[in-house]
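Working notes, beginning with the structure itself.
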Amino acid sequence: MATTGTAPASRTAVPPQPRSPAPPTSPPGTTLIGSVQRAMRLLETVAAHEHGAPAKQLARETGLALPTAYHLLRTLVHEGYLRRDRGMFYLGEAAERLGGSGARQKRRSTVADTLARWRDAVGVPVYYAAYRDGEIGLIGVADTPGNPAVEEWTDFRETAHAHALGQCLLAQLDDAARRDHLGRYPVRPVTPYTVRDAASLLRRLERVRETDLVIERQEYALGTVCAAIPLKVGATAATVAVSLPVHQGDRLLPTVQRLQAEMRCLLGSLALSISI
């Protein structure tokens with residue numbers, strides 16, 4: 001173990017030597033795997049070169065010995081994280097899949113953060129759904145213990161005719177798409193207030209313009225009223241909705257108006273996330 005002290009006067013002082021930057025310190029008890037760290041540095045460096053980079057340049061930029069860089073690069077190519085073309089290294093399909101997964105996670109985080117902000121602004125549960133590939137998808141819900149979301153006690157996908165989210169999405173489809181959906185998921189009673197048959201539902205939807213608010217009262221869940229705001233991004237039908245206990249039904253329209261004002265601020269970031 002090295003000790004510290006004053007060097008004897010008879011010795012010639014050695015000028016300070018340049019030193020490589022110290023690696024980041026790790027928490028006590030943590031064991032770091034150096035080869036993994038070096039491989040990750042190589043991946044990051046390759047990602048910074050849109051048009052690829054040769055091994056010698058990558059070794060120089062990462063501070064790795066050339067033989068070490070070659071060994072790691074060959075391994076990363078073998079595993080699909082890099083690809084080599086005419087002596088240049090590029091990100092491979094495996095790395096691109098990781099990037100795609102990261103982008104999807106970021107979009108999910110954007111949805112969750114946006115819905116939470118709207119929930120806090122209006123003080124009630126907020127829902128976000130979209131219609132894709134013939135199916136209704138509930139993408140996100142933000143609620144609180146004091147104001148819980150409506151329990152999905154029967155599948156939202158199979159009961160679009162009963163809840164505001166589904167009715168709002170169906171109203172944005174053309175007649176053929178509506179009939180196709182109802183052919184796969186027939187209208188059936190969910191509560192005593194649910195629309196009774198497909199013909200009645202289709203007549204109702206025909207009267208709803210694509211920009212109209214859709215309100216349902218206890219059609220999906222007894223004791224609950226809901227309102228859904230239509231969204232349209234390209235060819236994708238989407239909707240944002242809120243729910244309230246039926247005894248607070250007089251708050252529904254003021255709540256929706258407040259939500260619409262909040263949506264004007266953050267709608268762009270949410271719309272980009274419909275493709276989740």
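Give all pairs with beta carbons closer than 6 Å in which a residue from the stretch 230-254 that is over 18 Å from Gly166 (Cα atoms) and small (Gly, Ala, Ser) meets a residue that is modelled with pLDDT of 95 or more and part of a strand (DSSP E or B); count only pairs at least 6 apart in sequence or on separate chains.
So the pair list comes out as Gly249/Val225.
For residues in the stretch 52-67 being of a type outside the set (A, V, I, L, M, F, W, C), out of contact with any Ser or Thr (no Cβ under 9 Å at 6 or more places or on another chain) and more than 16 Å from Ala95 (Cα to Cα), which is least open to solvent (accessible area, probe 1.4 Å)? Working first, answer last.
The first filter runs over the stretch 52-67 and keeps only residues of a type outside the set (A, V, I, L, M, F, W, C), leaving 52, 54, 56-57, 60-63, 67.
Add one more test, that the residue is out of contact with any Ser or Thr (no Cβ under 9 Å at 6 or more places or on another chain), and what stays is 52, 54, 56, 60, 67.
Now drop any that are not more than 16 Å from Ala95 (Cα to Cα), which leaves 54, 56, 60, 67.
Details: Pro54: 46, Lys56: 133, Arg60: 166, Pro67: 98 Å².
That would be Pro54.
Select from the stretch 76-86 the residues that are surrounded by 13 or more Cβ atoms within 10 Å (Cβ to Cβ) and touching a helix residue (DSSP H, G or I) at 6+ places or on another chain (Cβ under 7 Å) and write down the one among them that is farthest from Gln37 (Cα to Cα). Working first, answer last.
Step one: filter the stretch 76-86 for residues surrounded by 13 or more Cβ atoms within 10 Å (Cβ to Cβ), giving 76-77, 80-84.
From what is left, the residues that are touching a helix residue (DSSP H, G or I) at 6+ places or on another chain (Cβ under 7 Å) are 76, 80-84.
On the way: Leu76: 13, Gly80: 18, Tyr81: 15, Leu82: 16, Arg83: 19, Arg84: 21 Å.
Looking at residues that are surrounded by 13 or more Cβ atoms within 10 Å (Cβ to Cβ) and touching a helix residue (DSSP H, G or I) at 6+ places or on another chain (Cβ under 7 Å), I get Arg84.
Out of the stretch 145-164, which residues are in contact (Cβ under 8 Å) with a residue 12 or more places away in the chain and assigned to a loop (DSSP other than H, G, I, E, B)?
Just the residues of the stretch 145-164 that are in contact (Cβ under 8 Å) with a residue 12 or more places away in the chain, to begin with: 147-154, 156-164.
Result: Asn147, Pro148, Ala149, Val150, Glu151, Glu152, Trp153, Thr154, Ala160, His161, Ala162, His163.
Any residue at all in the stretch 126-140 that is modelled with pLDDT of 95 or more, buried (at least 18 other Cβ atoms within 10 Å of the Cβ) and closer than 25 Å to Ala171 by Cα? Give the derivation first.
Residues of the stretch 126-140 modelled with pLDDT of 95 or more: 126-127.
Subset that is buried (at least 18 other Cβ atoms within 10 Å of the Cβ): 126-127.
Subsequent filtering for residues that are closer than 25 Å to Ala171 by Cα retains 126-127.
There is at least one residue in the stretch 126-140 that is modelled with pLDDT of 95 or more, buried (at least 18 other Cβ atoms within 10 Å of the Cβ) and closer than 25 Å to Ala171 by Cα.
Each row is one residue, and each column tells you yes or no for (1) modelled with pLDDT of 95 or more; (2) surrounded by fewer than 21 Cβ atoms within 10 Å (Cβ to Cβ); (3) of a type in the set (Phe, Trp, Tyr).
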residue: Pro192; (1), (2), (3): yes, yes, no
residue: Ser200; (1), (2), (3): yes, yes, no
residue: Arg204; (1), (2), (3): no, yes, no
residue: Arg209; (1), (2), (3): no, yes, no
residue: Val214; (1), (2), (3): yes, no, no
residue: Glu219; (1), (2), (3): yes, no, no
residue: Lys232; (1), (2), (3): no, yes, no
residue: Ala235; (1), (2), (3): no, yes, no
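List pairs: first in the stretch 87-113 and open to solvent by less than 50 Å² (accessible area, probe 1.4 Å), second modelled with pLDDT under 85 and not in a helix (DSSP H, G or I), Cβ under 7 Å, 6+ apart or cross-chain?
Thr110/Ser273; Val111/Ser273; Val111/Ile276
The values are calculated or read from the model by the stated rules, or taken from the named source; none is laboratory data. What you see is a predicted model, and the numbers here were worked out from it, not measured in a lab. So basically every Cβ, Gly included, is an ideal-geometry build from the backbone, and we count neighbours across all protein chains shown. Surface areas here come from the heavy atoms of the whole protein model, side chains and all, with no ligands, DNA or RNA. Shrake-Rupley method; radii C 1.70, N 1.55, O 1.52, S 1.80 Å.
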